[in-house]
1. If every alpha-carbon in region 88-155 counts as one equal scatterer, what log10 I(q)/I(0) does Debye give at q = 0.13, 0.16, 0.22 1/Å?
2. Find how many whole Å separate the alpha carbon centroid of region 25-101 from the alpha carbon centroid of region 221-299.
3. Using R₀ = 30 Å, calculate the FRET efficiency as 1/(1 + (r/R₀)^6) where r is the Cβ-Cβ separation of Glu37 and Gln129; round to 0.05.
4. Along the Cα-to-Cβ line of Glu140, 7 Å from the Cα, sits a label point; which residues in region 97-121 have backbone N less than 12 Å from it?
5. Place the peptides 168-175, 222-229 in order of packing, highest mean first, counting for every residue the other Cβ atoms within 10 Å and averaging per peptide.
6. Among 24-35, 247-258, how do they line up by average Cβ neighbours within 10 Å per residue, starting with the highest?
7. Full extension from Lys288 to Ala97: what is 0.36 nm times the residue separation minus their Cα-Cα distance, to one decimal in nm?
8. Points 7 angstrom from Cα along the Cβ direction at Asp163 and Gln198: gap in nanometres?
Amino acid sequence: MKKLLFILLAILPMMCYAQDANDFQKIKASAEKGNAEDQYLLGFCYYKGREVAKDERLAVSWWIKAAQQGVADAQHNLGYCYENGIGVAQDYKQAVAYYRKAAEQGQENSQYNLGRCYYNGMGVAVDFQQAVAWYQKAAEQGQVMAQYNLGLCYNNGEGVDLDYKQAVAWFRKAAEQRYPAAQYNLGVLYSNGDGVVQDYKQAVEWYRKAAAQGYANAQNNLGFCYYKGNGVPQNDQQAFIWWKKAADQGLANSQKLLGLCYYDGIGVEKDEKLAKSLLEKAARQGDKEAAAFLEELFP
């Protein structure tokens, strides 16, 4: 099973912002009088360059004013800016401080990012239990990446006792929001019978959903299902098609399998030149089996 996929959430926009110069001037005047929401909105205008020259430092300065008045989305954006050095010097501790302020107000994206900071040890000591606690808060609000990472924590026994049923439950929530990594991992659990009754048809269904979104590992596993006839009628041509999609994205395992298809003529006409090229690509990425096949097939 793959490790946690950490994707940080970017600047949060407002649903409405300056549509023209007149709107901008009204927002600016209100912000200068201390209106917290307009201070946040003015920061967003500067960040995006809406009716004003783009200026990330000014964006940060206005978000600081809004954050000081308790605007959670401004606090979140400041956390992101400090984490990534946008408009300010990169400072993980400050990022954590602002994420925490927003997270304590229930801002689900900051709750997720704070959990990610605890998991990675960014600005705080590594603490898987704290990571899980913040993922849980965000996941319960429907934050899809928190649901996915919480599923992985249960799957790997990080910060919680290993519990495949809980992993399935949280992967499913994220998968139903069309999160491809969760769809893929749910397929793996169905394929292995971990936390659910083994069901290759269900595995194929979830692999297919993720594969359709371009998720290379799901494409690889879907190809394997076709090759073995697990959950679908055995079909070498379909196996080849899905392995090729994953191989074209650089997935070493699929490059190796595709190379063997070309060597043996499985689902495609034999082509030893292409077989060797693909095995070499996989071997260069550290696939030891591909390297062994190269030595055996092309001494």
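The values are calculated or read from the model by the stated rules, or taken from the named source; none is laboratory data. In this text, all values refer to a predicted model and were calculated from it rather than measured experimentally. Here Cβ is always computed from backbone atoms with ideal geometry, including for glycine, and neighbour counts include all displayed protein chains. To get the accessible areas, we keep the full protein, side chains included, count just its heavy atoms, and leave off ligands, DNA and RNA. Shrake-Rupley method; radii C 1.70, N 1.55, O 1.52, S 1.80 Å.
1. Treating every Cα as an identical point scatterer, log10 I(q)/I(0) equals -0.30, -0.45, -0.82.
2. Result: 50 Å between the Cα centres.
3. It comes to 0.25.
4. Within reach of a label on Glu140, which here means backbone N under 12 Å from a point 7 Å along Cα→Cβ, region 97-121 contributes 106.
5. Numbers: 168-175: 22.9, 222-229: 21.4.
Ranked from most to least packed, the peptides come out as 168-175, 222-229.
6. Working: 24-35: 15.5, 247-258: 22.2.
So the peptides 24-35, 247-258, ranked by packing, come out 247-258, 24-35.
7. Numbers: separation 191, 0.36 × 191 = 68.76 nm, distance 4.41 nm.
Separation in residues times 0.36 nm, less the Cα-Cα distance, equals 64.4 nm.
8. Between Asp163 and Gln198, the simple spin-label model gives 2.5 nm.
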